[in-house]
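To start, the structure itself, in structure tokens.
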Amino acid sequence: MLKIGVNTFLLTSPFTNERIDIIRQFKAWGCDAVEIALEDAAHIDAHLIKQALDDNGMVCSSICAAMGPGRDLRGTSAEQQNAIAYITEVLDAMVVLDCPVMVGPLYSTVGRAEQTPEDEYKKQWDMVVSHLKPLGARAADLGKKLAIEPLNRYETDFINTCEQALALVEAVGNDAVGILLDTYHMNIEEKDSPAAIRKAGKRLLHVHACGCDRGAPGGDHINWDGIRDALKAIDYSGSLVIESFTPEVKVVAKAASIWRSFEPSLEAIAVKGIPFLRSHFA
């Protein structure tokens, strides 16, 4: 059975030791996994967080990368080095957390979206590949994985579709580097989300399951039956994580253009979404 979880961005930014109570809250909502949005590895004592996970019978399904300003594998030299250091430090924390995968748009700062000439895009592509190769090797050495996430056109100009993500992963050429697909982003960029999942195949390491408005999954126009069938067809065995946001977490809300509440309450995103995912994907 697939593990069902929620991203900590729903309740806080940044996630720190002081918000360890979130793990207990997620458990009460019916989760068996937590996706930690870790903005800096120094924000947590990984041993402390792992103990809290164990105490609540939970696992850390994934670390959600926080690729904010200053972290960009296709940016300035300083931005590249910041991104490399950040990803490397998170990988080390993942060993303590027993977390299998770091996910997100590891290639670039979120929100960097511009018209890029083809020759410049190629240079950026080669630069990102050159960095992901040693990072993938580091992940493999630690028994961990990196999952590249396509974002919608308003959040990046670099990787928008599963096909582009596959090309990037194949250029890196390491089984430790795969793909994360997000139902919200696919709803914008893919002509057929179930077909994209089938195309990803064994390269699909993680799934974000959100409604078409980035709210709770279920009760929206996303083809959930098709997504379920596609995941079964590729024998997907990872986690399904609700990555949703609310206006209350202001830093994240601005970055993700969250200007209104999607549900009657913050808790409703999890309270409605978790039972839907558990019943629909059982």
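The values are calculated or read from the model by the stated rules, or taken from the named source; none is laboratory data. All figures in this text were calculated on a predicted structure; none of them were measured in a lab. Neighbour counts are summed over all protein chains in view; Cβ atoms, including those assigned to glycine, are modelled from backbone coordinates with ideal geometry.
So that you can scan it fast, the table gives a plain yes or no per residue for (1) of a type in the set (Val, Ile, Thr); (2) touching a strand residue (DSSP E or B) at 6+ places or on another chain (Cβ under 9 Å); (3) farther than 16 Å from Val103 by Cβ:
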| position | (1), (2), (3) |
| --- | --- |
| Tyr154 | no, no, yes |
| Asn160 | no, no, yes |
| Ala165 | no, yes, no |
| Ala171 | no, no, yes |
| Met186 | no, no, no |
| His206 | no, yes, no |
| Arg214 | no, no, yes |
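Given the condition out of contact with any Pro (no Cβ under 8 Å at 6 or more places or on another chain), modelled with pLDDT of 95 or more, part of a loop (DSSP other than H, G, I, E, B) and surrounded by fewer than 20 Cβ atoms within 10 Å (Cβ to Cβ), answer yes or no: does some residue in region 84-98 qualify?
Checking region 84-98: at least one residue is out of contact with any Pro (no Cβ under 8 Å at 6 or more places or on another chain), modelled with pLDDT of 95 or more, part of a loop (DSSP other than H, G, I, E, B) and surrounded by fewer than 20 Cβ atoms within 10 Å (Cβ to Cβ).
Would you be able to say whether some residue in region 37-45 is more than 27 Å from Ser108 (Cβ to Cβ), of a type in the set (A, V, I, L, M, F, W, C) and in a loop (DSSP other than H, G, I, E, B)?
No - not one qualifying residue is present in region 37-45.
For region 54-77, which positions are crowded, with 19+ Cβ neighbours inside 10 Å and either modelled with pLDDT under 95 or assigned to a strand (DSSP E or B) (or both)?
Val59, Cys60, Ser61, Ser62, Ile63, Cys64, Ala65
Can you name the number of the only condition in (1) buried (at least 19 other Cβ atoms within 10 Å of the Cβ); (2) more than 28 Å from Gly136 (Cβ to Cβ) that Leu240 fails?
With (1) buried (at least 19 other Cβ atoms within 10 Å of the Cβ); (2) more than 28 Å from Gly136 (Cβ to Cβ) applied to Leu240, the lone miss is (2).
Taking Ser108, is it within 16 Å of the chain's Cα centre (by Cα), under 21 Å from Asn17 (Cα atoms) and not in a helix (DSSP H, G or I)?
No; evaluated as a whole, the condition is false for this residue.
Take the residues of region 123-169 that are outside any loop (DSSP other than H, G, I, E, B) and of a type in the set (Ser, Thr, Tyr): which is surrounded by the most Cβ atoms within 10 Å (Cβ to Cβ)?
Among those residues, the one meeting the criterion is Thr156.
Being within 14 Å of Ser244 (Cβ to Cβ) and at pLDDT 95 or above is the filter here; which residues of region 8-48 pass it?
Thr8, Phe26, Trp29, Cys31, Glu35, Ala37 - these are the residues of region 8-48 that are within 14 Å of Ser244 (Cβ to Cβ) and at pLDDT 95 or above.
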